[in-house]
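Asker: Could you have a look at this structure, given as structure tokens, before my questions?
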Amino acid sequence: MDTVTVVLLCCGAVGTLILAVGLFVSDVLPADVDADGVFSVPVIATFVGAFGFAGALGHTLAGRDGPTGIAAAAGAGMAGAVPAAWLAARLTAALMRMPTDATVTASALLGAIGVVVTPIPVGGPGEIRVDVGGQPLKLHARADGALPLGAPVFVVETLSESSVVVVDARLSR
């Protein structure tokens, strides 16, 4: 391998290393990079890495040293780097704008139907499992009467985010 190819492969490796560090270590280290769009770390790292690898491929396929080989490397590098960077920009933008489900609040628990998972004694606490928005939740529960394990229940009052008052769903029909 000649010097130009080695330099371009090192450029590709540096871009890949920066991308890996930016993706995996950014959650651990308290670094705050406010750039986004085409000047974000993933986009620049993808551009540098793709330019290096595509340029090395172009230089090797051209089979020439000197200005012709370097021009082939630069052309191939740009031909590979620009679409890769554009794709990285689109992907990171899509991930940043991805909608998420709302946080479950106490008001979302009202009217939920669940099942007793720890028997509820008279006047004492037990536990129920409800599905709210497709998310299973285990909550502390109280009831006016005793409810056995497996009894269907209906949430009529929320005491907190994790504690509710229930009635037997078999009796409320």
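Asker: If you go through region 64-82, how many residues are free of Cβ contacts under 8 Å to residues at least 24 places away in the same chain and either part of a helix (DSSP H, G or I) or under 19 Å from ILE18 (Cβ atoms) (or both)?
Answerer: 7
Asker: How many of the residues making up region 23-56 are at pLDDT below 80 and part of a helix (DSSP H, G or I)?
Answerer: Summing the residues that are at pLDDT below 80 and part of a helix (DSSP H, G or I) in region 23-56 gives 4.
Asker: Another question about this same structure. Please pick out the residue among GLY80, GLY111, GLY124 that is more than 19 Å from the chain's Cα centre (by Cα) and in the same structural domain as PHE51 (by TED's automatic domain parsing).
Answerer: None of the other options fit; the residue is GLY80.
Asker: Please work out which residue is surrounded by the fewest Cβ atoms within 10 Å (Cβ to Cβ), limiting yourself to region 89-111 and to residues that are hydroxyl-bearing (Ser, Thr, Tyr), touching a residue at least 24 places away in the same chain (Cβ under 8 Å) and within 29 Å of GLU161 (Cβ to Cβ).
Answerer: SER107
Asker: Applying the selection to region 135-158, what residues are in contact with an Asp or Glu (Cβ under 8 Å, 6 or more places away or on another chain) and surrounded by fewer than 18 Cβ atoms within 10 Å (Cβ to Cβ)?
Answerer: GLN135, LYS138, HIS140, GLY145, PRO152
Asker: Which one of the conditions (1) in contact with a Phe, Trp or Tyr (Cβ under 9 Å, 6 or more places away or on another chain); (2) outside the structural domain of VAL130 (by TED's automatic domain parsing); (3) under 30 Å from ALA141 (Cα atoms) does ASP101 fail to meet, given that it meets all the rest?
Answerer: Answer for ASP101: the failing condition is (1).
Listed here are the residues, each with its yes/no results for (1) aromatic (Phe, Trp, Tyr); (2) on the phi < 0 side of the Ramachandran plot; (3) without any contact (Cβ under 8 Å) to a residue 40 or more places away in the chain; (4) part of a loop (DSSP other than H, G, I, E, B).
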{"position": "GLY123", "(1), (2), (3), (4)": "no, no, yes, yes"}
{"position": "VAL130", "(1), (2), (3), (4)": "no, yes, yes, no"}
{"position": "GLY145", "(1), (2), (3), (4)": "no, yes, yes, yes"}
{"position": "LEU149", "(1), (2), (3), (4)": "no, yes, yes, yes"}
{"position": "GLU157", "(1), (2), (3), (4)": "no, yes, no, no"}
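The values are calculated or read from the model by the stated rules, or taken from the named source; none is laboratory data. In this text, all values refer to a predicted model and were calculated from it rather than measured experimentally. Backbone-built Cβ (ideal geometry, glycine too); neighbour counts: all protein chains shown.
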